[in-house]
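**Student:** Below: one structure in structure tokens.
The values are calculated or read from the model by the stated rules, or taken from the named source; none is laboratory data. Predicted model only: the values in this text are computed from it and were never measured. Positions of Cβ are backbone-derived with ideal geometry, glycine not excepted, and every protein chain shown enters the neighbour counts. In case anyone asks, the SASA skips ligands and DNA or RNA and just uses the protein heavy atoms, side chains included. Shrake-Rupley method; radii C 1.70, N 1.55, O 1.52, S 1.80 Å.
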Amino acid sequence: MENKMNYTKAIILLVSGIVALAASFWLGAAHGAYGFLLGYGCAAVAGGALGIGYTFFKNAQAKKETAS
């Protein structure tokens, strides 16, 4: 099964992670969803950044193969 990651999906994941981190800090540690939002936010930001890098290198490799 091929990975269908592209820039759009990676940016949406990155933005959702940033929003989750902002919400966790805005709500504070006393809120029940703090741990979930913090965990999801960190994972989504990391996943979005890795997705952007993966897509960039995948597209660069495809361009190199078509140029040869």
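**Student:** How long is the chain along each principal axis, judged by its Cα atoms, biggest number first, in Å?
**Tutor:** On the principal axes, the chain reaches 58, 22, 13 Å in Cα extent.
**Student:** Could you compute the net charge surrounding GLY51? Neighbours are other residues with a C-beta less than 14 Å from the C-beta of GLY51; K and R count +1, D and E count -1.
**Tutor:** +3
**Student:** Report, to the nearest 10°, how far helix 34-67 tilts away from the longest principal axis of the Cα atoms in the chain, using its own Cα long axis and a range of 0 to 90°.
**Tutor:** Long axis of 34-67 versus the principal axis of the chain: about 10 degrees.
**Student:** For an R0 of 35 angstrom, estimate the FRET efficiency from the Cβ-Cβ distance between PHE25 and ASN59 and round to the nearest 0.05.
**Tutor:** 0.55
**Student:** While we're looking at this one, here's another question. Given the whole protein assembly as supplied and a 1.4 Å probe, what does the accessible area of ILE12 come to in Å², nearest 10?
**Tutor:** Surface open to solvent at ILE12 totals about 110 Å².
**Student:** Follow-up. How far, in degrees from 0 to 90, does helix 7-27 lean away from the longest principal axis of the Cα atoms of the chain, to the nearest 10?
**Tutor:** So the helix axis and the longest Cα principal axis differ by about 10 degrees.
**Student:** Something else: Got the relative contact order for the chain handy, in percent, Cα pairs under 8 Å and 6 or more residues apart?
**Tutor:** Computed over the chain, the figure is 43 percent.
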